[in-house]
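Written below as structure tokens is the structure these notes are about.
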Amino acid sequence: MSMKSRIPLILLACGSFNPITNMHMRLFELARDHLHQTGRYQVIEGIMSPVNDDYRKKGLVPARHRVAMAKLALETSDWIRVDPWESEQETWTETVKVLRHHYNESLRLLQYKKEFIKNKQPLEGSTENSLSSHYTVLPELKLLCGADFLQTFQTPNLWKKEHVKEIVEKFGLVCISRAGSDPAQYISESELLTKFQHNIFLVKEWIQNEISATQIRYALCRGLSVKYLVPDSVISYIAHHNIYTEESERKNEGDLLQPLRLHNTTLTFNRRHLQRISGG
Ligand SMILES: Nc1ncnc2c1ncn2[C@@H]1O[C@H](COP(=O)(O)OP(=O)(O)OP(=O)(O)O)[C@@H](O)[C@H]1O
Ligand SMILES: NC(=O)c1ccc[n+]([C@@H]2O[C@H](COP(=O)(O)O)[C@@H](O)[C@H]2O)c1
Ligand SMILES: [Zn+2]
């Protein structure tokens, strides 16, 4: 199958990126190689979407810094970009809604390109035919994650079942191996994931790279070097803005993650509603 007849594919990674590490960028490279090796896809874009501040994860520094650091880190990539849409929303957005947003955006762009080509090219031109055929296949959007992310689907009250279903049924997952996580086992333990496993790509990293953003933050707080784990431009940005300190690490300490808070609120509402209608 030539590259042109393949399905165009966009990879979307959601997470804290607090801060972005070399491994976050490697995830995209590993995923792209794997998908190209299937012979079915052509990866056309990578999108990194830093989570909204309202996610309330411990030590989460403001999104404007996380977005700025990711932009600096990705300056050398010609296919991965940072998208601040999720971080700029009023509140935290469920991941499936972030996927829907970016999918709709990709369709809008496709429509725009088609119209541009139609208006620009003379009808008889052979270039027009070849260019427009390039845009006739609808792109796919897949969620890119590490194996620990897949594991969180099992955490009670963190994900809505219908959302996990939509992610694996409609979009698909590309999951990179991570020490301490066994994605094949998580899939076999879940009826839902097993049903849609044809849409879950498990990628084994060929060189183990256990960088973790939490460990990077701890090292920075202790004044240790993180050179060669994080791009130099990001290290300079962190130093310049003095981003990671003992104080920043205490941010959201003891808070419940927003998805869990939302779940609790819904439970309380339902309990009250039940009491009211049953006269309790
Ligand atoms: N070393 C790694 N190997 C595989 N996947 C990774 C690795 N580091 C991060 N990821 C993946 O990158 C995405 C974003 O992760 P996140 O921002 O939570 O980074 P992290 O290093 O896991 O940070 P933290 O330690 O704060 O949880 C997630 O899907 C996560 O699984
Ligand atoms: N129900 C949901 O949609 C849901 C639940 C938990 C985490 N998430 C997302 O997963 C990512 C997890 O990031 P961290 O691994 O940094 O915690 C974030 O982008 C977060 O928004 C989504
Ligand atoms: Zn993580």
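Just a few scattered comments:
- Loop chymotrypsin sites (Phe, Trp or Tyr not before Pro), the range 184-249, which have at most 10 other Cβ atoms in a 10 Å radius of their Cβ (DSSP): W206, Y228
- Rounded to the nearest whole angstrom, the semi-axes of the ellipsoid equivalent to the range 1-131, taken from the Cα gyration tensor as √(5λ), stand at 32, 18, 13, largest first.
- Per-selection metrics, the range 205-265 (Cα): Rg and Dmax in Å: 15.2, 43
- Size-normalised alpha-carbon gyration radius of the range 66-126, reference 2.2 N^0.38 Å: 1.58
- Summary of packing: across the peptides 176-184, 95-103, the per-residue average of other C-beta atoms within 10 Å ranks them, highest first, as 95-103, 176-184.
- If you plug the beta carbon distance of L262 and L192 into 1/(1 + (r/R0)^6) with R0 = 25 Å, you get a FRET efficiency near 0.75.
- Separation of the K227 and K160 label points, Cα + 7 Å toward Cβ, nm: 4.9
- Rounded to the nearest whole Hz, the Karplus-based 3J(HN,Hα) values (6.51 cos²θ - 1.76 cosθ + 1.60, θ = phi - 60°) of the range 154-163 follow the sequence 7, 5, x, 6, 7, 10, 7, 4, 5, 6, with x at glycine and proline.
- Once backbone amide H atoms are built at 1.01 Å from N, Q42 has I7, L9 as its partners under 5 Å, excluding neighbours fewer than 5 places away on the same chain.
- Relative contact order computed over the range 134-262 (Cα-Cα under 8 Å; 6+ residues apart), in percent: 22
- For the range 146-195, alpha-carbon Rg over 2.2 N^0.38 Å: 1.06
- Lysine pairs with alpha-carbon atoms under 28 Å apart, the range 40-128, spacing 8 or more or separate chains: 8
- The range 46-55 - phi-based ³J(HN,Hα) in whole Hz, Karplus 6.51/-1.76/1.60, Gly and Pro as x: x, 10, 10, 10, x, 5, 5, 4, 6, 5
- Taking amide H positions as modeled 1.01 Å from N, with prolines and chain starts lacking one, the residues under 5 Å from V203 and 5 or more places away or on another chain are C175, I176, S177.
- Taking all C-alpha pairs of the chain, those more than 23 Å from each other amount to 60 percent.
- Taking N as its residue count, the alpha carbon Rg of the range 18-68 over 2.2 N^0.38 Å: 1.46
- If you take the alpha carbon atoms of the range 128-265 and fit the smallest convex hull around them, that volume is 215 Å³ per residue.
- Farthest positive-ward along the chain dipole, Cα basis, beta-carbon charges - from N242, I211, I10: I10
- Rel. contact order, % - alpha carbon contacts under 8 angstrom, at least six apart, the chain: 26
- In the chain, a dipole from Cβ-located charges (positive for Lys and Arg, negative for Asp and Glu) runs towards its positive end, and of V226, Q151, H24 it is Q151 whose Cα lies farthest in that direction.
- Dipole magnitude for the chain: computed about the Cα centre from +1 point charges on Lys and Arg Cβ and -1 point charges on Asp and Glu Cβ, it is near 500 debye.
Each reported figure results from applying straightforward, stated rules to the coordinates on display, with no laboratory input. Note that the coordinates shown come from a computational prediction; the quantities given were computed from them, not determined experimentally. All Cβ positions, glycine included, derive from the backbone under ideal geometry; neighbour counts span all protein chains shown.
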